[in-house]
Amino acid sequence: MAARSRPDATERVMELVMYLLARDVPKTREEIWRDTGLYAPDGTTDKRQLDSARASFERDKALIRNLGVRITESIEHDGATSYTIRREDYFLPDLQLTPDEQLALRFAAARVDIGETWDLEAVAKLTSTETAASGGDGSLSADVALETAAAQQTAGSLLPRLAAASAERAQVRFAYGGRQRDAQPLGLLCRAGYWYLAAREDGVVKTFRVDRMESDADVGERGAFARADVDVAALLPSEPMEIDFGDDFVARVRIDATMAQQPTAERGRVVERHDDGSVTVTVRVRNRAAFRVWLLDMGRHAVVESPPELVDEVTSWLRALASDAGDGDR
């Protein structure tokens, strides 16, 4: 098998891992090179090619080990070293998570979009349910899971291209808000579970929510513009509830004495203090999902008092979470 020209390092490492996992018996370096074609042309005697292949092979093995994957080595009868990755050294055993642990894991996966939908799929496997990404029985509450999964599917394929364009200072063109945008990408940031592209358009620094982009991103030539002195992290509020998601209302929440002095509670403005040490706070909500996360962080120590429609919404949401955890009586 002929070696590939300029193989991608990440792809090469992944293919090596998959090759070693799939083998029933250990394989020598020469067998790996021959079967995969990842390192050197089959049968080559060119010293430079062989030296380069050996160096790449050693780097790849080191990287795999640094990632926490054990490569088992053994010595064959002729003195050659052979390699394998045992399945028990690669795959996680059943974690036997409790219903509460499963619930916490599902909610954590829904809070931050890290690209594609494999995080929700992984949760499905870890919690022994096949429907975590679809909002079915055993999943995180349907509204959170479906909203996050939809955003991930849209953003997942764009994030690597946008990150590369930002690093290489390459102009990007994409459809957004019903029209074509030509922008100079400055970086990516995550807020409230969604990814944003920070970019300069027509001389103005803006943010674009990646899952709302209406087309693929066409990337231009690298080095097309000078690197900007912009604090990307400061372009959006650090408080997720302040990011405009189309909501805008004031919620009234009572927080008991256990949590009243904690930083989590201090995101609200205290409007009333009670004799039992509890406080009532008002919170401006522009992002319902972020508001629900804030409530969940305080657990049973916070109660929504108004507006009435929000009380009903949160009550239904919490009941769904409890039902999803397999504990409908709580």
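Accessible area of Asp297 (1.4 Å probe, protein heavy atoms only, ligands and nucleic acids ignored): about 70 Å². In this simple spin-label approximation, Ala228 and Ala80 carry label points 7 Å from Cα along the Cα→Cβ vector, and these lie 5.6 nm apart. Against the criterion of solvent-accessible heavy-atom surface with a 1.4 angstrom probe, Thr81, Thr28 sort, most first, into Thr81, Thr28. Once both labels are positioned 7 Å from their Cα atoms along Cα-to-Cβ, the gap between Asp182 and Met14 label points is 3.4 nm.
How much of the accessible area of segment 50-100, in percent, comes from carbon and sulfur atoms when a 1.4 Å probe is used? On segment 50-100, the fraction of accessible area on carbon and sulfur atoms equals 51 percent.
Which GluC sites (Glu not before Pro) in segment 5-55 pass both tests, a DSSP loop state and at most 16 other beta-carbon atoms within 10 Å? The qualifying sites: there are none.
Computed from the C-beta positions of Thr258 and Leu21 and an R0 of 51 Å, the FRET efficiency is 0.60 to the nearest 0.05. Loop-located chymotrypsin sites (Phe, Trp or Tyr not before Pro) in segment 1-96 (DSSP state other than H, G, I, E, B) with a sparse environment of at most 15 neighbouring Cβ atoms within 10 Å: Phe91.
Once the Cβ-Cβ distance of Glu313 and Glu266 is raised to the sixth power relative to R0 = 30 Å, the FRET efficiency obtained is 0.80.
The values are calculated or read from the model by the stated rules, or taken from the named source; none is laboratory data. What you see is a predicted model; the values in this text were computed from it and never measured. Counting neighbours? That spans all protein chains shown, and the Cβs are built from the backbone with ideal geometry, glycine included. Surface areas here come from the heavy atoms of the whole protein model, side chains and all, with no ligands, DNA or RNA. Shrake-Rupley method; radii C 1.70, N 1.55, O 1.52, S 1.80 Å.
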